[in-house]
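Report on the following structure.
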Amino acid sequence: MTSVVDKRKNKFNRYKDLRENPTELLEPAIKPVKEYDAFDRIKDIADEGTFKEFEFNFPETNPLEFEGYVEKKEALRKENNCHDAIIAGECEIGKMPCVLAVMNKKFMMASMGMELGETFCRALEYAGEKRLPFIVFTASGGARMQEGILSLMQMAKTSAVVKRFKDEGGLYITVLTHPTTGGVSASFATLGDITLAEPKALIGFAGPRVIEQTIGQKLPEGFQRAEFLQEHGFVDAIVRREDMKEMLEKILMLHKNVYEGR
Amino acid sequence: MSAIEKVLIARDKDRPKITDYVDNLFTDFFEQKGDFLGKEDESIYGGIALFHGRPVTVLGHRKGRTVEENMACNFGMPGPEGYRKALRLMKQAEKFKRPIITFVDTPGAYPGLEAEMYGQAQAIANNLAEMSALKVPVISIVTGEGSSGGALGIAVANKVYMLENAIYSVLSPEGFASILWHDSARRDEAAEVMKLTAKDLYEFGVIDGIIDEADIFKAIDKQISSALKELDKLSADELKEDRYEKFRYFDEARVNASSVEEMEVV
């Protein structure tokens with residue numbers, strides 16, 4: 001029989017799990033009321049009061065004239081206080097100036113369409129011009145299906161801009177959060193000079209369901225999780241959310257020679 | 001012709017395959033195998049050959065024709081090793097200043113256990129990044145199915161063409177219908193909505209031309225020749241810049257509210 005103490009301990013551990021593995025599915029009873037979102041992230045990572053969001057004036061776009069797409073975006077904009085699924089701006093992290101971009105999965109699973117791709121590119125180009133390090137927190141279901149081939153082409157566009165930024169000596173850091181899949185994982189998310197990931201984040205090209213259907217078998221436990229990727233050599237370090245700011249400060253500090261006399 | 005009819009033609013097993021294009025358009029083909037990192041992936045076929053007497057690197061997806069061939073080359077669905085092999089060949093082409101010609105025909109990159117384990121996403125991303133900066137002419141021709149990142153992974157080219165019955169899309173119509181409508185049976189409708197035919201892509205400004213299939217090899221030969229003639233006028237740096245600009249700004253008109261858009265930090 002479980003003692004009262006054990007029960008309390010279990011409960012405590014579950015809360016601890018919640019802090020350590022926020023991406024895990026939790027029992028409804030202990031599910032946080034508000035999901036940790038892109039704005040929470042910016043608040044936790046950027047030095048207080050330093051984040052200045054870039055504002056781009058994008059025209060409405062619906063290249064396939066896909067039914068309901070524009071309406072859906074309009075509703076999500078109101079709900080989420082952002083224009084598409086990425087928020088980018090200039091800030092300081094540990095007093096080091098940098099450009100920070102965070103994907104917002106509450107906006108159509110942060111799928112990548114033209115506006116997202118363009119925002120990413122302009123933010124990165126800004127970092128290139130100003131000689132600032134660039135940090136992106138990725139989370140995405142992949143390409144924005146509603147924009148068809150134009151969403152696929154964002155993969156080539158963003159990758160080309162990353163390549164140029166890196167070739168010009170820029171420090172490009174990616175932090176893979178849950179989930180980073182499809183066209184985003186197969187473009188700018190996996191091109192980092194430094195690649196960090198959150199514990200248990202699902203990271204992969206194909207979705208687990210598609211893989212199971214293709215190979216006709218259940219996937220092993222932990223498949224495509226951050227730890228699995230690290231084991232296979234694709235992640236520098238797995239960093240818990242509460243340690244993330246400190247880790248980024250350390251990495252930026254370790255590159256201080258690059259940005260001295262900037 | 002409806003979009004789904006195009007899809008079915010593009011997938012037809014009797015359509016010419018990479019080996020047919022190599023045999024009919026090039027001479028003295030020397031096949032190169034392996035990613036030199038631990039594996040050979042038969043779903044990418046490539047090597048060095050002569051195009052009208054000029055050395056070029058040619059590569060593309062290989063689907064195979066017989067069932068045995070299909071199995072051996074995984075129905076044209078590369079794993080990360082395939083993309084790394086393609087990149088190895090392309091980097092070599094750059095070193096020896098050979099133009100690169102790629103033939104695109106894939107249902108997509110392979111969604112398999114080992115493919116994920118060995119970095120499918122990273123392999124494709126790396127090709128996209130590296131191809132964008134190559135300093136030799138790159139010409140890509142979508143000959144059949146150009147599906148998803150698996151197609152794009154060898155198609156970051158100065159000139160991208162499609163055969164008139166080829167398709168090029170973000171995902172298969174079945175996958176598209178499944179994701180957006182939770183019903184893969186609605187693929188015919190999806191094919192229509194997705195705008196995946198050569199004509200659609202030309203109108204989107206994503207491809208540079210459509211190749212007529214009446215006299216298929218002759219038409220491709222002519223298109224490659226004229227593209228090379230045009231690209232030969234550019235220096236190595238200009239070739240890189242030309243490709244970069246193409247992929248950086250292909251959607252410029254759709255993302256710029258006005259022509260004099262300026263970034264404003266508020």
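Here are the numbers:
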quantity	calculated
Selection count where residues are outside any helix (DSSP H, G or I) and either more than 16 Å from A:Met96 (Cα to Cα) or open to solvent by less than 70 Å² (accessible area, probe 1.4 Å) (or both), scope the range A:40-62	14
A:Gln217 vs. criteria assigned to a loop (DSSP other than H, G, I, E, B) and at the interface with chain B (Cβ under 10 Å from one of its Cβ atoms)	yes
Residues within the range A:193-206 that are β-branched (Val, Ile, Thr) and within 11 Å of chain B (Cβ to nearest Cβ), tallied	2
Subset tally (residues that are more than 14 Å from every other protein chain (Cβ to nearest Cβ) and under 20 Å from the mean Cα position of the chain (by Cα)) for the range A:220-256	16
Any chance B:Leu234 is outside any helix (DSSP H, G or I), more than 14 Å from chain A (Cβ to nearest Cβ) and at pLDDT 95 or above	yes
Test: residue in the range A:170-184 that is within 11 Å of chain B (Cβ to nearest Cβ), surrounded by 23 or more Cβ atoms within 10 Å (Cβ to Cβ) and aromatic (Phe, Trp, Tyr)	no
Every residue from the range A:73-105 that is basic (Lys, Arg) and over 19 Å from A:Gly183 (Cβ atoms)	A:Arg77, A:Lys78, A:Lys95
Filter result (among the aromatic types (Phe, Trp, Tyr) and either surrounded by 14 or more Cβ atoms within 10 Å (Cβ to Cβ) or touching a helix residue (DSSP H, G or I) at 6+ places or on another chain (Cβ under 7 Å) (or both)) within the range B:1-55	B:Tyr21, B:Phe26, B:Phe29, B:Phe36, B:Tyr45, B:Phe51
Residue in the range A:129-148 that is out of contact with any helix residue (DSSP H, G or I) (no Cβ under 8 Å at 6 or more places or on another chain), among the basic types (Lys, Arg), open to solvent by 10 Å² or more (accessible area, probe 1.4 Å) and within 8 Å of chain B (Cβ to nearest Cβ) present	no
Options B:Lys159, B:Lys195; residue that is surrounded by 17 or more Cβ atoms within 10 Å (Cβ to Cβ) and at negative phi	B:Lys159
Those strands (runs of 3 or more DSSP E) lying entirely in the range B:71-174 with at least 2 residues in contact with a Gly (Cβ under 6 Å, 6 or more places away or on another chain)	B:100-106
Filtered residue count, the range A:102-113, keeping only those that are closer than 28 Å to A:Lys130 by Cβ and within 14 Å of chain B (Cβ to nearest Cβ)	2
Residue among A:Thr181, A:Thr177, A:Thr190, A:Thr195 that is farther than 17 Å from B:Tyr118 by Cα and modelled with pLDDT of 95 or more	A:Thr177
Condition check for A:Arg209: out of contact with any helix residue (DSSP H, G or I) (no Cβ under 8 Å at 6 or more places or on another chain), in a helix (DSSP H, G or I) and at the interface with chain B (Cβ under 7 Å from one of its Cβ atoms)	no
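A quick yes/no check of all residues on (1) of a type in the set (A, V, I, L, M, F, W, C); (2) open to solvent by 10 Å² or more (accessible area, probe 1.4 Å); (3) within 11 Å of chain A (Cβ to nearest Cβ):
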| residue | (1), (2), (3) |
| --- | --- |
| B:Thr106 | no, no, no |
| B:Met117 | yes, yes, yes |
| B:Ala129 | yes, no, yes |
| B:Ala133 | yes, yes, yes |
| B:Val136 | yes, no, no |
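The values are calculated or read from the model by the stated rules, or taken from the named source; none is laboratory data. Here the structure is a predicted model, which means the values were calculated and not measured. Cβ atoms come from the backbone with ideal geometry, glycine included; neighbour counts cover every protein chain shown. Heavy atoms of the whole protein, side chains included, go into the accessibility calculation; ligands, DNA and RNA do not. Shrake-Rupley method; radii C 1.70, N 1.55, O 1.52, S 1.80 Å.
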